[in-house]
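Data block below; observations after.
The values are calculated or read from the model by the stated rules, or taken from the named source; none is laboratory data. Keep in mind the model is a prediction, meaning the values are calculated, not measured. Please note: Cβ atoms are built from the backbone with ideal geometry, for glycine as well, and neighbour counts cover all protein chains shown.
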Amino acid sequence: MKPLTLVGLVYFISVFIMSSKSLRQSQLFTKTRREAPADELAKNAQLLIRAGYVYKNMAGAYTFLPLGLRVIEKINTIIRQEMDAIGGQELVMPSLQDSALWEASGRWSDDAVDVWFKSELKAGGQVGFSWTHEEVITDLMRQFISSYKDLPKFPYQIQKKFRNEMRAKSGIMRTREFDMKDLYSFSATQEQHDTFYAACSDAYKKIFDRLGIGQMTYKTFASGGAFTKFSHEFQTLAEAGEDIVYVNEEKGVAVNEEVLDAADLSELGVTRDELQKRKSIEVGNIFSLGTKFSEALDLYFTNENGESKPVIMGSYGIGPARSMGTIVDLLADEKGIVWPESVAPFLVHLVGLNGEDAAVRDWTEGIFNSLTEQGVEVLYDDRDVRTGEKFADSDLLGLPYRVVASKRAKEEGKFEVVTRATGEVRSLTEDELWADFDTNPNT
């Protein structure tokens, strides 16, 4: 074997990097299964487990397997892009919580918060495992905010949360350990706060549009508690939902049950008769926090007049796994999962048939390599299994496009291309295939 030249080495490395976007299905250690676990009732978890996206370790705790991790990372990327676009700055805070911070805010006691996981330290004392991070981020920002010139600021993270739910349910949408995107806003004035609050609301709309569920997701009026008249939830209408909202689809107004009174409805410009009761899944929320945490944890700044004022705060959450489960519940059909292109683990499922025919196999390998080099993310079913099993698995996995490479396709010079979401079947030449995926925004 001749040693690689520098040019050859660069080419080898570039092909290796590009091919890391694609995968041969025979290399996956995961496998599909005919049946979901008997104790798994939620459609999202049934399908994700059967397709090999997640594994249920125990009630409320799941492993995200290679395919599932690719989906979550794509969801996280969309979230990051939209949070960065409105001025968010990413950090990661610890999951271990200092009890002193929570005692200062009045939320350490189990009587105040009933979802704590707590542990005894060997050195003495207790720590908690994060269920949210208002106290921690407020304490942190004391190190960086002292003047109105330091405001506003919008730190966020995508990080583990732990909630000691009495009953974990709804598959990956209500678990005891999960990732959350939580952003916190710090503002000098109510006007500053309101401006960002509106910007974050708009960013959430963009996120859910990009995730493929925006059409069925409503900014929903909910109780603002002690801080403001309303907070807002982002609720996706779905029969699998465990929440109830009242919706006027024509006006784009949705109201949580808790604020369903005549005065509130009048303020929102709707009547009770105009609203339809629907089941929904909460995929995000935004809250005005006022100065509760800044006052409790001594986060003050000096304004233009030299006066000391508490910082005005807000909190903005999205659950990536909850969003993933919602996509599955909302878009899946009787055959399996249907991923939008934006979050699919791979854009194309290349299904190779006639596996014992060396010429067809080599030709299909060439197609796989060409698509990969073109920047298309491809899962190549190169397994030695029956055609029916390949097609059934392809439907279950739910990748946006299935390209069938067979002896017949090679002889006729045409591929069968199936769009998973619509079932549309097209017959494309090789040139048409390259052109079709070359114009796709994911390539």
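Okay, residues lined up against (1) aromatic (Phe, Trp, Tyr); (2) in contact with a Ser or Thr (Cβ under 9 Å, 6 or more places away or on another chain); (3) surrounded by fewer than 17 Cβ atoms within 10 Å (Cβ to Cβ):
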site	(1), (2), (3)
PHE234	yes, yes, no
ALA238	no, yes, no
ILE244	no, yes, yes
GLY269	no, no, yes
Restricting attention to segment 185-222, the residues that are outside any helix (DSSP H, G or I), hydroxyl-bearing (Ser, Thr, Tyr), buried (at least 17 other Cβ atoms within 10 Å of the Cβ) and out of contact with any Pro (no Cβ under 6 Å at 6 or more places or on another chain) number exactly 4
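Every residue, every condition in (1) in a strand (DSSP E or B); (2) over 22 Å from the mean Cα position of the chain (by Cα); (3) surrounded by fewer than 18 Cβ atoms within 10 Å (Cβ to Cβ), yes or no:
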position: VAL343; (1), (2), (3): no, no, no
position: PHE346; (1), (2), (3): no, no, no
position: LEU350; (1), (2), (3): yes, yes, no
position: ASP393; (1), (2), (3): no, yes, no
position: LEU396; (1), (2), (3): no, no, no
position: ARG402; (1), (2), (3): yes, yes, no
position: THR422; (1), (2), (3): no, yes, yes
position: LEU433; (1), (2), (3): no, yes, no
Filter result for ILE137 (surrounded by 21 or more Cβ atoms within 10 Å (Cβ to Cβ), outside any loop (DSSP other than H, G, I, E, B) and at pLDDT below 95): no
Looking at this structure, is GLN25 in contact with a Leu (Cβ under 7 Å, 6 or more places away or on another chain) and either farther than 22 Å from SER323 by Cα or not aliphatic (A, V, I, L, M) (or both)? yes
Any residue in segment 124-141 that is free of Cβ contacts under 8 Å to residues at least 24 places away in the same chain, more than 18 Å from PHE301 (Cβ to Cβ) and acidic (Asp, Glu)? no
Condition set surrounded by fewer than 12 Cβ atoms within 10 Å (Cβ to Cβ) and assigned to a loop (DSSP other than H, G, I, E, B), scope segment 115-134, selection nearest to the chain's Cα centre (by Cα): answer is LEU121
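Report yes if some residue within segment 3-18 is polar (S, T, N, Q), at pLDDT below 95 and within 30 Å of THR372 (Cβ to Cβ); otherwise report no.
Taking segment 3-18 and keeping what is polar (S, T, N, Q), we get 5, 14.
Right, trim to at pLDDT below 95 and you get 5, 14.
With the extra rule that they be within 30 Å of THR372 (Cβ to Cβ), the set shrinks to 5, 14.
Yes, segment 3-18 has at least one match.
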